1. When only residues in the range 269-292 that are open to solvent by 10 Å² or more (accessible area, probe 1.4 Å) and of a type in the set (D, E, K, R) count, which is modelled with the highest pLDDT?
2. Answer yes or no: is there a residue in the range 142-164 that is assigned to a loop (DSSP other than H, G, I, E, B), open to solvent by less than 10 Å² (accessible area, probe 1.4 Å), modelled with pLDDT of 90 or more and on the phi < 0 side of the Ramachandran plot.
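The values are calculated or read from the model by the stated rules, or taken from the named source; none is laboratory data. Small disclaimer: the values here were computed from a predicted structure and weren't measured. These area figures cover heavy atoms from the full protein model, side chains too; ligands, DNA and RNA do not enter into them. Shrake-Rupley method; radii C 1.70, N 1.55, O 1.52, S 1.80 Å.
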Amino acid sequence: MTTMNSDSDVKEVVRQRYGEAAKRVTEGAGGGGCGPVSSCCGAAPASIGGSDPITANLYDAVQADAVPDTALLASLGCGNPTALAELQPGETVLDLGSGGGIDVLLSAKRVGPTGVVYGLDMTDEMLALAQENKRKSGLANVHFLKGEIEHIPLPANSVDVVISNCVINLAADKDRVLAEAFRVLKPGGRFAVSDVVVRGEVPAAMRRNMELWIGCVAGALSDRDYLDKLARAGFADAGIEITRTYGVDDTREFLAAQSADLQQLAEQVDGKFASGFIRATKPAGAPATSAAAAKNAASTTSSCCGPSTCCGS
């Protein structure tokens, strides 16, 4: 069992595993994710009808046909935020942890040519794959940026909607991530992400296991903690809609390649993990940063990003 020693350990293993997943897709070997050997979330290209308990059946056939195959194969999420975020033509959207770009490309189609969609990712291999998927899609209103979700390289009050697909649970400093999401949202802007949440106590052994952090589970917040953190960041009207609950059979499948000790925990966590759609809004009269976000502003790059400026395209 690989244990979690520090925030930097989590980040580096996430970066490594996402890079490996991108390489497998690029080389034609399929995706990787929540499961024995990879990152969050997808043991195979399971977004349509696959067997992985977290990633299966997230995108319908129409959505799959709307993006390059390599974008679908690289889908490592636990939900479909683009289907639930109610995106409108002309909006500016930011996807935190955009991976191979599937949710960015689907969002770009929803907001249309008058809208803009940014995808933010820290992994070079995923960014390269996303850029290739952008080229294949022919979409001009898409821009992929390199960076960490704890330090979003966009100005304050610049985004209408923040989406994310099973990535925030991987961040060790979730308060900072939420404060940054609040900062970049315009007053009245929407936070609309898919994530794994916990309902009940989780064995400490699962929380300590690095492989399970990278597989979306050990780093997941409880539903109550998620809502509390959103409130502290300054958000209003926060709520969680459970979209899929994982039973004991799902847990056994997820733990299949783990140690025997961890596999024995399956019955203890029956029904305690779920995918949910988390919504919140930045109040219309809110300042650019809440008290929580203000603590992070000094070390956050927030002055340059646009389609043709310093952060890439």
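1. Restricting to residues being open to solvent by 10 Å² or more (accessible area, probe 1.4 Å) and of a type in the set (D, E, K, R), the top hit is ARG279.
2. For the range 142-164, residues assigned to a loop (DSSP other than H, G, I, E, B), open to solvent by less than 10 Å² (accessible area, probe 1.4 Å), modelled with pLDDT of 90 or more and on the phi < 0 side of the Ramachandran plot: present.
Yes or no, residue by residue, for (1) of a type in the set (Val, Ile, Thr); (2) over 16 Å from ALA238 (Cα atoms); (3) under 15 Å from the mean Cα position of the chain (by Cα):
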{"site": "LEU129", "(1), (2), (3)": "no, yes, no"}
{"site": "GLY138", "(1), (2), (3)": "no, yes, no"}
{"site": "GLY147", "(1), (2), (3)": "no, yes, yes"}
{"site": "ASN157", "(1), (2), (3)": "no, yes, no"}
{"site": "ASP173", "(1), (2), (3)": "no, yes, yes"}
{"site": "ALA179", "(1), (2), (3)": "no, no, no"}
{"site": "PRO187", "(1), (2), (3)": "no, no, no"}
